[in-house]
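Below is one structure, written out as structure tokens, with a few remarks after it.
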Amino acid sequence: MKDKFKEKEAYTITLYDMDLREGNYVHRYKIFEPKEGSKVNIETTDWTTVDDDFFLLHVDNLGMEIFSKNRDGLYNNLVTPPGFSHFVGHDKYGQWSSLSTTQSTDSSRVWRFHESNGESVLERELGLAGLNITKGEYDRFLDKYQLNRPFYGDQIAKDSTKYGTSSRHWFLMRPMFYTRRLTKKNFDKPYRGSYSSSTRGGGGFGK
């Protein structure tokens, strides 16, 4: 897709879905392409076969942003929450609003996407509808980004994160995925690749 989209000025790719079909690991992606003003072109790909290493590298990243290109031509494969590279924190697409009338701290200010016809299509397509993103959380993401580390948000429970495959939010949004994964024994199949859990999450950015 990097070669296919080389003429695009900027874009974000999120991992929309994954499965094991007829012994092959497959992915579906959602592509977000910023256009003039606050317009964003959004498309969802068909199923694409991926190799074992790449699938297992991203097995924890359902709904996450796994690749992007910015307007300076820099590519980034550091795993981040969806939309955090191009949309969250950018006043073209929304603003930080205070939940409290008496104080405005980083923990009380949350991101609000600009709405169209009473709803934010971009927020819904990114899978962020119903989640509060605080300024403090976004700043923690930026700290992780500078250190070239993936960010999954706050640890909600021992085995649950705010974003990604372990997210309760995604479990409620995409129950069919989790049912399908369970019936296929977590996509288990004989594996002969070189995958190591120490590489999980992806990372790195540059030209």
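The values are calculated or read from the model by the stated rules, or taken from the named source; none is laboratory data. As the structure is a computational prediction, the values presented were derived from the model and not from experiment. Reconstructed Cβ throughout: ideal geometry from the backbone, glycine too, with neighbour counts over all protein chains shown. Note: accessible area is taken over every heavy atom of the protein model, side chains too, but ligands, DNA and RNA are not part of it. Shrake-Rupley method; radii C 1.70, N 1.55, O 1.52, S 1.80 Å.
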Pick from segment 154-168, criterion at pLDDT 90 or above and open to solvent by 20 Å² or more (accessible area, probe 1.4 Å), ranking: nearest to Gly83 (Cα to Cα) = Lys162
Which of the residues spanning segment 128-151 are under 17 Å from Ser68 (Cα atoms), open to solvent by less than 50 Å² (accessible area, probe 1.4 Å) and not in a helix (DSSP H, G or I)?
-> Pro150, Phe151
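Residue-by-condition table, conditions (1) farther than 26 Å from Arg140 by Cβ; (2) in a strand (DSSP E or B); (3) open to solvent by less than 10 Å² (accessible area, probe 1.4 Å):
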position	(1), (2), (3)
Lys4	yes, no, no
Glu7	yes, no, no
Asp19	yes, yes, yes
Gly37	yes, no, no
Asp60	no, no, no
Phe67	no, yes, no
Phe87	no, no, yes
When the residues of segment 21-35 are filtered to those that are in contact (Cβ under 8 Å) with a residue 24 or more places away in the chain and out of contact with any strand residue (DSSP E or B) (no Cβ under 8 Å at 6 or more places or on another chain), which remaining residue is least open to solvent (accessible area, probe 1.4 Å)?
-> Gly23
Among the residues of segment 39-58, which ones are buried (at least 16 other Cβ atoms within 10 Å of the Cβ) and in a loop (DSSP other than H, G, I, E, B)?
-> Val50, His58
Looking at segment 29-74, which of the residues that are more than 24 Å from Leu122 (Cβ to Cβ) and of a type in the set (A, V, I, L, M) is nearest to the chain's Cα centre (by Cα)?
-> Val59
